[in-house]
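Trainee: Quick one: this structure, given as structure tokens, is what I'll be asking you about.
The values are calculated or read from the model by the stated rules, or taken from the named source; none is laboratory data. None of the values given here were measured: they were computed from a predicted structure. All Cβ positions, even for glycine, are placed from backbone atoms using ideal geometry, and neighbour counts span all protein chains on display.
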Amino acid sequence: MTYMGKPYYPVWLDNLADDVTLEAAAMDGTAEGVDAVRTILTTAREQYEQQEFNFAGPCGEMSFLEDYSSIVRDVPTRVVVVVTYNESGQTQRVVVNHRPRSALLQFSRIMLEKFAGTEHERHWQGTP
């Protein structure tokens with residue numbers, strides 16, 4: 001993972017508020033809490049065969065934006081992530097959108113496979 005030719009790591013992932021939430025077009029419902037959000041995001045990041053960041057940086061006073069291209073099991077995928085901080089500067093809310101729809105559905109199926117039999121499976125059970 002690189003941005004502007006340098007290694008990139010989302011530092012906001014290491015500063016999650018206790019009541020952080022995660023919403024994504026590829027999942028149903030909202031994941032809540034540090035353990036759930038970190039587990040889901042870490043697993044999701046592992047699915048990207050490559051990531052090329054178009055932008056990663058502040059978006060207003062209390063938000064951070066990531067825009068990147070990726071390959072997931074040979075399918076080109078574009079992703080936009082919006083991170084919102086609370087007043088203490090911790091990550092409060094993460095919203096992830098994959099596109100195109102075919103890539104989103106494939107990603108959702110992969111996440112269902114990864115979380116089958118776990119408490120997080122419910123977020124992908126309705127995936128066609």
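Trainee: Only one of V94, V83, V75 is over 15 Å from A24 (Cβ atoms) and either in contact with a helix residue (DSSP H, G or I) (Cβ under 7 Å, 6 or more places away or on another chain) or charged (D, E, K, R) (or both); which?
Mentor: V75
Trainee: When segment 5-32 is examined, which residues are found to be loosely packed, with under 14 Cβ neighbours inside 10 Å and among the aromatic types (F, W, Y)?
Mentor: Y9
Trainee: Keeping to segment 1-32, report how many residues are within 20 Å of K114 (Cβ to Cβ), assigned to a helix (DSSP H, G or I) and free of Cβ contacts under 8 Å to residues at least 24 places away in the same chain.
Mentor: 0
Trainee: Could I ask something else about it? So D35 ticks every box in (1) surrounded by 14 or more Cβ atoms within 10 Å (Cβ to Cβ); (2) assigned to a helix (DSSP H, G or I); (3) out of contact with any helix residue (DSSP H, G or I) (no Cβ under 7 Å at 6 or more places or on another chain); (4) at pLDDT 95 or above but one. Which box is left unticked?
Mentor: Of (1) surrounded by 14 or more Cβ atoms within 10 Å (Cβ to Cβ); (2) assigned to a helix (DSSP H, G or I); (3) out of contact with any helix residue (DSSP H, G or I) (no Cβ under 7 Å at 6 or more places or on another chain); (4) at pLDDT 95 or above, only one is false for D35: (1).
Trainee: Let me ask you something else. Specify the residue that is nearest to the chain's Cα centre (by Cα); the eligible residues are those in segment 60-99 that are among the hydrophobic types (A, V, I, L, M, F, W, C) and farther than 22 Å from R38 by Cβ.
Mentor: I71
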